[in-house]
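Each value in this text was obtained by applying a stated rule to the coordinates, not by laboratory testing. In this text the structure is predicted, and so the values were computed from the model without any measurement. Here Cβ is always computed from backbone atoms with ideal geometry, including for glycine, and neighbour counts include all displayed protein chains.
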Amino acid sequence: MLQKQRNSLAARGRAHAPVFAALGDATRLSLVVKLSGGQPSSISQLTQGSKLTRQAITKHLRVLERVGIVHSVHAGRESLFEFDPAPIEQMREYLDFVSEQWDQALARLKAFIEDWVFMSSQTHWLHTPSLRLERGGVNDFVSSVSR
Amino acid sequence: MNDRIEKRIELKVPISRVWRAVTDYREFGEWFRVKLDGPFVPGQVSRGQMTYPGYEHVRWEAVVKKMEPERLFSFTWPHPKSLDKADYAKGDQATLPSTLVEFRLEKTASGTLLVLTESGFENIPGDFRLEAFRRNEGGWAEQMKNIERYVAKAA
């Protein structure tokens, strides 16, 4: 069960890197934003309002298509591109996971520092006369038992 | 797309105490759960062995980047193809794809603000089992929670 889970998690991990790479570009991000509204769009529609050529936009769409963020569908003579949220959701899930790891590590850091503060205060108490006396009492008790 | 992780944590101790907990290799090892071979030195590879229960066989490596006293500690965290010692040894740490981990410290009225960031996930290529490990660590944390719940119920 655990092994199976591990394998499927590893497999999902593998899929994330190209998604990150594909989104690491301003033009492609803006294409994703345009398409994420849910309406499939043609290359001409996506080129409108952009300084880039149809060819350049097509190239970027192909990169997004390769990682599964967009799919092309044929509508007559035209290719329409539509958005698929799954790869981004998986990536989000992965980042949430790493994020959770850090939450745990930082919680341990906090506990570590707080324990240290507590220990220091204990040491401090041992230097106060009343506690030293009490500690002496405990020592006497221990030594009396061992006798 | 937000591909970085940022965490903020307030600690009610002086900045010098937090700096030590983060940059002293023994103290770092205590809470990060890794036994490091030696002190952190900027520009050098830090090596160690995980102490996280169930992962004691896993190596830990990072390249220390910056150590600006009581301000910034950073390291790059390479993502080798496998966690085997051999794969670690083969790879040049400086050229392996890695994420950047930064600890930033700021003095506050009540103590210290620690800001942790991890960035550069877009650099990590395909087959990386370290991620599988890190994912798995979450699995362990989940197990611990399960045990806690179980104990609470049994009590």
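Along region A:80-91 the Karplus relation, 6.51 cos²θ - 1.76 cosθ + 1.60 evaluated at θ = phi - 60°, assigns HN-Hα couplings of 10, 10, 10, 8, 10, x, 4, x, 6, 4, 5, 5 Hz to successive residues, with x for each Gly and Pro.
Compared with the direct C-alpha span, the chain from A:SER30 to A:GLU93 gains 20.5 nm at full extension, assuming 0.36 nm per residue.
The 3J(HN,Hα) values that the Karplus relation (6.51, -1.76, 1.60; θ = phi - 60°) gives for region A:93-98 are, in residue order, 4, 5, 5, 4, 5, 4 Hz. Gly and Pro appear as x.
Across region A:42-119, counting alpha-carbon atoms alone, Rg and Dmax equal 22.6, 76 Å. Using the average count of surrounding beta-carbon atoms within 10 Å as a protection proxy, the listed peptides A:28-35, B:18-25 rank, highest first, as B:18-25, A:28-35. The mean number of partner chain beta-carbon atoms within 10 angstrom of a residue's beta-carbon across peptide A:95-107 is 6. Report note on the peptides A:109-121, B:67-79: ranked by the mean count of other C-beta atoms within 10 Å, highest first, their order is B:67-79, A:109-121. Taking amide hydrogens as placed 1.01 Å from N in the peptide plane, the amide H of B:SER46 sits under 5 Å from those of B:ALA62, B:VAL63, B:VAL64, each at least 5 positions away in sequence or on another chain. Mean per-residue shielding of peptide B:3-15 is 4, counting Cβ atoms of other chains within 10 Å of each Cβ. The ellipsoid that matches the Cα gyration tensor of region B:24-66 has semi-axes, each √(5λ) in whole angstrom, of 18, 11, 7, with the longest given first.
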